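These notes concern the structure reproduced below.
Derivation of every value follows stated rules applied to the coordinates shown; laboratory data play no part. Bear in mind that the values here come from a model prediction, so they are computed numbers and not experimental data. Note that we place each Cβ from the backbone using ideal geometry, even for glycine, and neighbour counts take in every protein chain shown.
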Amino acid sequence: MLKILYAASEALPYTSTGGLADVMGSLPKAVKKELGDNCDVRVVIPLYPAIRRKFAEEIELIAEVNVKLAWRNQYCGIWRAVSDGVTFYFIDNEYYFNRPVLYGNYDDGERFAYFGKAVLEMMAAVDFYPDVLHANDWQSATAVIYLKRKYAYNELYKNIRTLFTIHNIDYQGIYDYSILGDVFELAEWDRSTVEYNGCINLLKGAIVCSDRVSTVSSRYADEILTEYFASGLHHILRASREKLCGIVNGLDVDYYSAEKDPEIAANYTAEDLSGKALCKAELEDVCGFSHEPEVPIIAMVSRLAAHKGFDLVRRVIEELLNETNMRFALLGTGEFELEDFFSNLAARYPDRVCVKLEYNKSLSKKFYAGADMFLMPSKSEPCGLAQMIASRYATVPIVRECGGLYDTIHAYNQYTGEGNGFSFTNYNAHEMKEVIQLAMNLYSSRKSEWKQLMENVMKVDFSWSVSAKKYIDIYTEM
């Protein structure tokens, strides 16, 4: 029996700030579905206050231990829940995790160093020593580092293999070298493992210590070997190239399903798209737009961050509004400057621009289902889930060819009818504008072709089944 433990800082349905939670909520269940009784799949995340409140009836306390980290000796409660055959563990320590936000605290390094140590101590407390520890992003990097540098001598831990997945290389867990021992409980002989550019770099340490490294699309695996995309770690990744691979994330296709979703105005399928019109009318109401079915709505559901391509949108959005009849709907929160720009844009074009500055998964589904096109002009995008989610609702993606966007969206060919969206290559605002106009022209003047494109978009298989098998291959090889 293959025993797998996933370590991460968040997982659906328990807590979420982005794509990592989607992956941790769906990949373990997909692996369990593929292997059935031939595997034991478990996940461990911190116990945040929202989990304790919302899932109080579903979680149970199963063990209590102390976790030593440098001179600290901290309490660790281990809680458990079971969902779809997967066991979820929650690391309880109110000093570290009873915070109003998951990330961005002054002591995040210490918080997640504790978490990594607690993951390894938890194995002994629940008597579960996995064949594979699959850690994700810098927040669980210390679990890999400590396993290699501190626990590998122990008979119970020495055969555990590690896969470390980079979901976004821009976030690396970088700290001043002076706290190596005091906070991270690492010695001078560990220096070469975690030091990079004179600092502690937890992501670098996990790459060096892991048996295999993966990232969330094939294209991104190639991109992060280059200086442009690697945020300084290209030398480390090139040295580890033989253990690096890229696997595109999948989606929970039951949760994101135009056919079954209870949170949208009407359900529909690729064979019968009639419900899409009702979803568009609902989005028009949400946005305060008049009901005009022939006027295209372009939506974005995104964190408002520079690397998401918002500088391109800012450059040409008013040109598009003045030259076409399009409407623009944006949902998300992020950098103040971007929030301010788009709020002002909505104030100046109230009948054609809607901006909702909030993180709301239920409302996001109304945007995905109600829009005609979905814009994702990212400067970098490791995988991206939004373009796949939009596809599940027959909303045609318009993307820049980078990372997972390149792997999942293929440009529509008007001569063959193939393709599932529109794409542009260069990070250039007017190249993006031309592609948007091309899409709007198809939408307005060639209705039968647009309908065929919507069908193409909906029929692409973005489920976890293919990707889960690739992960299983890595686990079994290790």
Q: Compute the normalised compactness of region 166-242: alpha-carbon radius of gyration over 2.2 N^0.38 Å, N being the residue count.
A: 1.11
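Given a Förster distance of 30 angstrom, what is the FRET efficiency for R314 paired with K361, based on the Cβ-Cβ distance and rounded to 0.05?
0.70
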Q) Which value in deg cm²/dmol, rounded to the nearest 500, describes the helix-derived mean residue ellipticity at 222 nm for the chain, given -39,500 (n - 2.57) per DSSP H run of n ≥ 4 and division by the residue count? A) -11000 deg cm²/dmol
Q: Could I get the Rg over Rh figure for region 338-478? Both from C-alpha atoms, Rh via Kirkwood, rounded to two places.
A: 1.01
Q: Quick one, can you get me the convex hull of the C-alpha atoms of region 1-147 expressed as volume per residue in Å³?
A: 102
Q. Using the alpha carbon gyration tensor of region 239-280, what are the three equivalent-ellipsoid semi-axes (square root of 5 times each eigenvalue), largest first, in whole Å?
A. 37, 10, 8
(Q) Please list the three semi-axes, largest first and in whole Å, of the ellipsoid equivalent to region 404-478, using sqrt of 5 times the eigenvalues of its alpha carbon gyration tensor. (A) 32, 17, 8
**Q.** Cα-based equivalent ellipsoid, the chain: semi-axes from gyration tensor eigenvalues, Å
**A.** 41, 23, 22
Q. So between E57 and N441, what do we pick up on full extension, going 0.36 nm a residue minus the alpha carbon distance?
A. 133.0 nm
Q. By the scheme Lys and Arg +1, Asp and Glu -1, what is the net charge of all other residues having a beta-carbon under 15 Å from that of A305?
A. -2
Q: Sort by residue number and name the cysteines in the chain that have no neighbouring cysteine Cβ under 4.7 Å.
A: C39, C76, C199, C209, C245, C279, C383, C402
Q: Report, as a whole number in µm² per second, the diffusion coefficient that Stokes-Einstein gives for region 1-61 at 25 °C and 0.890 mPa s using the Kirkwood radius over alpha carbon pairs.
A: 199
Q | Entries of K148/K470; K356/K379; K29/K361; K33/K379; K54/K356; K148/K361 with Cα pairs more than 32 Å apart | A | K33/K379; K148/K361
(Q) Can you find, among S274, A258, V286, the residue sitting farthest towards the positive end of the charge dipole of region 249-384, where Lys and Arg contribute +1 and Asp and Glu -1 at Cβ? (A) V286
Q. Given DSSP loops and a limit of at most 12 other Cβ atoms within 10 Å, what is the longest stretch of the chain that contains no such trypsin sites (Lys or Arg not before Pro)?
A. 261-478
Q) Per 10 Å bin, what percent of the C-alpha pairs of region 240-363 does each bin hold, from zero upward? A) 11, 35, 31, 18, 5, 1
Q. How large is the Kirkwood hydrodynamic radius of region 126-217, in angstrom, based on all distinct alpha carbon pairs?
A. 13.5
Q | Formal net charge of residues neighbouring Q74 (Cβ-Cβ distance under 14 Å; K, R +1; D, E -1) | A | -3
Q: Mind jotting down the three principal axis lengths of region 144-275 based on Cα atoms? Whole angstrom, largest first.
A: 65, 39, 29
